[in-house]
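What follows is calculated from the coordinates using simple rules that are stated; it is not laboratory data. Computed from a predicted model, the values in this text were never measured in an experiment. Please note: Cβ atoms are built from the backbone with ideal geometry, for glycine as well, and neighbour counts cover all protein chains shown.
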Amino acid sequence: NAGVTQTPKFRVLKTGQSMTLLCAQDMNHEYMYWYRQDPGMGLRLIHYSVGEGTTAKGEVPDGYNVSRLKKQNFLLGLESAAPSQTSVYFCASRGTGGHQPQHFGDGTRLSIL
Amino acid sequence: AQKITQTQPGMFVQEKEAVTLDCTYDTSDPSYGLFWYKQPSSGEMIFLIYQGSYDQQNATEGRYSLNFQKARKSANLVISASQLGDSAMYFCAMREGPGTYKYIFGTGTRLKVLA
């Protein structure tokens, strides 16, 4: 009963390094999301996808790229990490139907030095 | 533009008492959905309850109920018979429109249940 799995759980990067966060879901959901959570600011949407091969920008997309080559996976990339990207990143997925809630992964804590 | 406001950064409640967490929203779309999530100190996000804008009755899920006042654009979460395990951050979220896939979240309320 995995649900949504995020890899890695923790990571420390140096400014300018690149990395990819992986999100995998086993619920056959169409919609997937990447959020960042910062103290006092709730969750803010970075990018989202409404199906395999599609992606769209959210509220705070700058500095991030995403890809959804397979329905079950949604990748979030940081090409050149900046200290402002230090945050906790959450992936979520949901099924079709407006009443469906989002199912979240456990989060990735990312620190940029 | 759609907006979610949670005005209570932190709240205390005595164990076994009821507590109301406030959430107001702003949208011009007649069709929307409202969600509440719980985030314990361990960090995961747990879905609690959903209310659709066209739902006639207030949503309930066990000890959780949603006090939905459409004219006031409020969707307050009521937790009855609080338990120590209810201590957590609580987030209100909104999805606007049937064809919209995006959600916005409030800044959250940190609830502490006292023994």
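The residue that is nearest to the other protein chains (Cβ to nearest Cβ), among those in region A:85-96 that are surrounded by fewer than 19 Cβ atoms within 10 Å (Cβ to Cβ) and within 24 Å of residue B:52 (Cα to Cα), is A:96. Screening B:113, B:78, B:13, B:19 for residues that are over 15 Å from residue A:43 (Cβ atoms), touching a helix residue (DSSP H, G or I) at 6+ places or on another chain (Cβ under 6 Å) and not aromatic (Phe, Trp, Tyr) leaves exactly one candidate, B:113.
Answer yes or no as to whether residue B:96 is within 11 Å of chain A (Cβ to nearest Cβ) and either on the phi < 0 side of the Ramachandran plot or without any contact (Cβ under 8 Å) to a residue 40 or more places away in the chain (or both). Considered against the rule, which asks whether it is within 11 Å of chain A (Cβ to nearest Cβ) and either on the phi < 0 side of the Ramachandran plot or without any contact (Cβ under 8 Å) to a residue 40 or more places away in the chain (or both), residue B:96 comes out as yes. So for region B:99-111 (the condition being more than 14 Å from every other protein chain (Cβ to nearest Cβ) and surrounded by fewer than 18 Cβ atoms within 10 Å (Cβ to Cβ)), does at least one residue qualify? No, the conditions are met nowhere in region B:99-111. How about region A:27-53: which of its residues are more than 11 Å from chain B (Cβ to nearest Cβ), within 21 Å of residue A:9 (Cα to Cα) and touching a residue at least 60 places away in the same chain (Cβ under 8 Å)? Matches in region A:27-53: A:27 only.
Summed over region B:73-114, the residues that are in a loop (DSSP other than H, G, I, E, B) and over 12 Å from the mean Cα position of the chain (by Cα) give a count of 12. For region B:33-56, a residue qualifies if it is more than 25 Å from residue A:91 (Cβ to Cβ), loosely packed, with under 15 Cβ neighbours inside 10 Å and within 14 Å of chain A (Cβ to nearest Cβ), and exactly one does: B:54.
Every condition in (1) within 11 Å of chain B (Cβ to nearest Cβ); (2) touching a Phe, Trp or Tyr at 6+ places or on another chain (Cβ under 8 Å); (3) part of a strand (DSSP E or B) holds for residue A:99 except the one numbered (3).
Checked against the criterion of being over 11 Å from the mean Cα position of the chain (by Cα), surrounded by fewer than 16 Cβ atoms within 10 Å (Cβ to Cβ) and at the interface with another protein chain (Cβ under 9 Å from one of its Cβ atoms), the candidates A:82, A:56 yield just one match: A:56.
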